[in-house]
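Undergrad: First, the structure itself, so that you have it in front of you.
The values are calculated or read from the model by the stated rules, or taken from the named source; none is laboratory data. These figures come from a predicted structure and were not determined experimentally. Note: ideal-geometry Cβ built from the backbone for every residue, glycine included; neighbour counts use all protein chains shown. Ligands, DNA and RNA are excluded from the accessible area calculation, which covers all protein heavy atoms including side chains. Shrake-Rupley method; radii C 1.70, N 1.55, O 1.52, S 1.80 Å.
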Amino acid sequence: KRGAGKIEEAEPWNKLLLPASSLPTDPALYVGPFPFYRRPSELGCFSLDAQRQYHGDARALRYYCPPPTNGQSPNFDLRDGYPDRYRPRDEEVQERLDHLLCWVLEHRGRLEGGPGWLAGAIVTWRGHLTKLLTTPYERQEGWQLAASRFQGTLYLSEVETPAARVQRLTRPPVLQELMYMGYKFEQYLCADKPGGSTDPSGEVNTNVAFCSVLRSRLGNHPLLFSGEVDCIDPQAPTTQPPTCYVELKTSKEMHSPGQRKSFYRRKLLKWWAQSFLPGVPNVVAGFRNPEGFVCSLKTFRTMEMFEYVRNDRDGWNPSVCMNFCAAFLSFAQNTVVQDDPRLVYLFSWEPGSPVTVSEHRDAPHAFLPTWYVEAMTQ
Ligand code: 0WD
Ligand code: CA
């Protein structure tokens, strides 16, 4: 009996020295004041062309071109061109952080914040951070994030879960068409030149992307991340990125209070998380009818999205999202201690469970490419 007591006393002492082995995700645990989040600033950008080739410039940036405001509503046929004018990206290619690493490599010598800034930062995709922000409220899809430390920097790269892979490979035709419709919507609202006109007769090629590279900080975690940006608004009050960027989204037309409630609880959470992170101020939503036509547009201000659920007991809370993300980043920083690009910690999460972690070396989980590690070691 006496011995058992001693062991119990010794346990919390051990926990101070060992990193935690799991992280809970219950929203109630993350209620509290909104944490510090530095106003995101753009460090640079890059483009991916129709062949998915990297270019360190803004050639793929498009310009927001709203339909004429002559009292008529839009009539965008989102199914037009499917599947004959659709060039989908090859999703079998796992790009991991490669394009972002290409940008980092090219700019490592002249990053703001000083030469040591990168060594203290976390490098990842915006989309990975979005998943972290929404985790406390997510009930359907789990995730896996691989993490490695190299020259101080913590790199986070998503790994497709086995379930997500099965879903992708068995994606029903209606869902494939729905994906196309999201990109088709962009084509109705974007021109290749400022003040130019849109061309819905062209191809939809999802290899093409414009990505902004941003700097921010969540709590004590400096962040360098990149996100795909749909377009820039040449009419925006400021031409300073990311404030001039616009995110485009489609959603089902809503006809009942229940449909609206569910839109505010689920969709607006994802839209908010994705645009809040890079500081994109506006999301232009196109509401499509069952025939696949967008007949109404509505602009949602990112900073006002929370108002739709502020008084909803089953709504989401931005503080919970950000506090959980900060807690995960601390958990990852404390877990990935060794500096070794071949050592990978795989963080896994399924709804209803805490985040767990496993340790791996080399293939298949190591994700920092040799070309990057060697060039950075010069
Ligand atoms: O390889 C993969 N599984 C992924 C690749 C998953 C997520 C993103 N990506 C790529 C994107 O293509 C892009 O080049 O990473 C880069 C940056 O992505 P992000 O901005 O961090 O990702 P996210 O915020 O999730 O998505 C932004 C946009 C999407 O817009 P909507 O409005 O649907 O959220 O990137 C596009 C899409 O337009 N996008 C993709 N394009 C091609 N293939 C993909 C994908 N798998 N995922 C998102
Ligand atoms: Ca979009």
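Residues checked against (1) surrounded by fewer than 22 Cβ atoms within 10 Å (Cβ to Cβ); (2) within 16 Å of ligand 2 (Cβ to nearest atom); (3) farther than 25 Å from GLY286 by Cα:
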| position | (1), (2), (3) |
| --- | --- |
| VAL208 | yes, yes, no |
| SER212 | no, yes, no |
| THR238 | yes, no, no |
| PRO241 | no, no, no |
| TYR245 | no, yes, no |
| GLU253 | yes, no, no |
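Undergrad: May I pose another question? Looking at segment 135-185, which of its residues are part of a loop (DSSP other than H, G, I, E, B) and open to solvent by 40 Å² or more (accessible area, probe 1.4 Å)? Break it down stepwise before answering.
TA: Pass one, segment 135-185, residues part of a loop (DSSP other than H, G, I, E, B): 138-142, 151-152, 160-161, 170-172.
Selection gives ARG139, GLN140, GLU141, GLN151, GLU160, THR170, ARG171, PRO172.
Undergrad: Going by the structure shown, is GLN53 more than 20 Å from the chain's Cα centre (by Cα), closer than 30 Å to ARG165 by Cα and loosely packed, with under 12 Cβ neighbours inside 10 Å? First the steps, then the outcome.
TA: On the way: more than 20 Å from the chain's Cα centre (by Cα): yes; closer than 30 Å to ARG165 by Cα: yes; loosely packed, with under 12 Cβ neighbours inside 10 Å: yes.
When the stated conditions are applied, GLN53 passes them.
Undergrad: Considering only segment 233-269, state which residues are of a type outside the set (Val, Ile, Thr), in contact with a Cys (Cβ under 9 Å, 6 or more places away or on another chain) and part of a strand (DSSP E or B).
TA: Those that are of a type outside the set (Val, Ile, Thr), in contact with a Cys (Cβ under 9 Å, 6 or more places away or on another chain) and part of a strand (DSSP E or B): TYR245, GLU247, LEU248.
Undergrad: If the requirement is being touching a Lys or Arg at 6+ places or on another chain (Cβ under 7 Å) and either in contact (Cβ under 8 Å) with a residue 24 or more places away in the chain or not aliphatic (A, V, I, L, M) (or both), which of these qualifies: GLU247, GLU186, GLU228, GLU177? Show your work before the answer.
TA: Details: GLU247 fails: touching a Lys or Arg at 6+ places or on another chain (Cβ under 7 Å); GLU186 fails: touching a Lys or Arg at 6+ places or on another chain (Cβ under 7 Å); GLU228 fails: touching a Lys or Arg at 6+ places or on another chain (Cβ under 7 Å).
None of the others qualify; the one that does is GLU177.
Per-residue answers, yes or no, for (1) surrounded by 13 or more Cβ atoms within 10 Å (Cβ to Cβ); (2) out of contact with any strand residue (DSSP E or B) (no Cβ under 7 Å at 6 or more places or on another chain); (3) without any contact (Cβ under 8 Å) to a residue 24 or more places away in the chain:
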residue: TYR82; (1), (2), (3): yes, yes, no
residue: PRO88; (1), (2), (3): yes, yes, no
residue: GLU92; (1), (2), (3): no, yes, yes
residue: LEU100; (1), (2), (3): yes, no, no
residue: TRP103; (1), (2), (3): yes, no, no
residue: ARG108; (1), (2), (3): yes, yes, no
residue: GLY120; (1), (2), (3): yes, no, no
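Undergrad: Enumerate the strands (runs of 3 or more DSSP E) found wholly within segment 293-364, keeping only those where 3 or more residues are open to solvent by less than 20 Å² (accessible area, probe 1.4 Å). First the steps, then the outcome.
TA: Values: elements: 293-301, 343-349, 355-361.
The strands (runs of 3 or more DSSP E) meeting that bar are 343-349.
Undergrad: Let me ask something additional. Hey, any hits in segment 216-227 for a residue that's open to solvent by less than 80 Å² (accessible area, probe 1.4 Å), over 24 Å from ARG96 (Cα atoms) and away from ligand 1 (no atom under 16 Å from the Cβ)? Lay out the reasoning, then the answer.
TA: Filtering segment 216-227 down to residues open to solvent by less than 80 Å² (accessible area, probe 1.4 Å) leaves 216, 218-219, 221-227.
Adding the requirement that they be over 24 Å from ARG96 (Cα atoms) leaves 219.
Now narrow it down to the ones that are away from ligand 1 (no atom under 16 Å from the Cβ): 219.
Within segment 216-227, one or more residues are open to solvent by less than 80 Å² (accessible area, probe 1.4 Å), over 24 Å from ARG96 (Cα atoms) and away from ligand 1 (no atom under 16 Å from the Cβ).
Undergrad: What pairs can you find where one residue is in segment 265-285 and free of Cβ contacts under 8 Å to residues at least 24 places away in the same chain, the other is open to solvent by less than 10 Å² (accessible area, probe 1.4 Å) and hydroxyl-bearing (Ser, Thr, Tyr), and their Cβ atoms are less than 6 Å apart, with a gap of 6+ or different chains?
TA: LYS267/SER251
Undergrad: Quick check on this structure: which one of LEU224, LEU169, LEU156, LEU132 is more than 16 Å from ligand 2 (Cβ to nearest atom) and in contact with a Ser or Thr (Cβ under 7 Å, 6 or more places away or on another chain)? Steps first, answer last, please.
TA: Details: LEU224 fails: in contact with a Ser or Thr (Cβ under 7 Å, 6 or more places away or on another chain); LEU169 fails: in contact with a Ser or Thr (Cβ under 7 Å, 6 or more places away or on another chain); LEU132 fails: in contact with a Ser or Thr (Cβ under 7 Å, 6 or more places away or on another chain).
Residue meeting the stated conditions: LEU156.
Undergrad: Further question: Given the conditions (1) more than 21 Å from ALA163 (Cβ to Cβ); (2) in contact with an Asp or Glu (Cβ under 8 Å, 6 or more places away or on another chain), which single one is not true for PRO88?
TA: Every condition holds for PRO88 apart from (2).
Undergrad: Just to verify a result, which residue in segment 270-292, among those that are outside any loop (DSSP other than H, G, I, E, B) and of a type in the set (A, V, I, L, M, F, W, C), is surrounded by the fewest Cβ atoms within 10 Å (Cβ to Cβ)?
TA: Let us first name the residues in segment 270-292 that are outside any loop (DSSP other than H, G, I, E, B), namely 270-276, 282-288.
This time we only want the ones that are of a type in the set (A, V, I, L, M, F, W, C), so: 271-273, 276, 283-285, 287.
Values: TRP271: 21, TRP272: 25, ALA273: 26, PHE276: 22, VAL283: 21, VAL284: 20, ALA285: 21, PHE287: 17.
The residue in question is PHE287.
Undergrad: For the condition within 16 Å of ligand 2 (Cβ to nearest atom) and of a type in the set (A, V, I, L, M), what is the one hit in LEU61, LEU101, LEU43? So that I can check it myself, show each step before the final result.
TA: Values: LEU101 fails: within 16 Å of ligand 2 (Cβ to nearest atom); LEU43 fails: within 16 Å of ligand 2 (Cβ to nearest atom).
After applying the criteria, what remains is LEU61.
Undergrad: Of all residues in segment 104-134, which are of a type in the set (A, V, I, L, M) and part of a helix (DSSP H, G or I)?
TA: Within segment 104-134, VAL104, LEU105, LEU118, ALA119, LEU129, LEU132, LEU133 qualify.
Undergrad: Please count how many residues of segment 241-293 are under 30 Å from VAL123 (Cβ atoms), under 18 Å from the mean Cα position of the chain (by Cα) and not aliphatic (A, V, I, L, M). First the steps, then the outcome.
TA: Kept after step one, since they are under 30 Å from VAL123 (Cβ atoms), are these residues of segment 241-293: 241-249, 266-284.
Still in the list and also under 18 Å from the mean Cα position of the chain (by Cα): 241-243, 245-249, 266-284.
Within this subset, residues satisfying the condition of being not aliphatic (A, V, I, L, M) are 241-243, 245, 247, 249, 266-267, 270-272, 274-276, 278-279, 281-282.
Here the count works out to 18.
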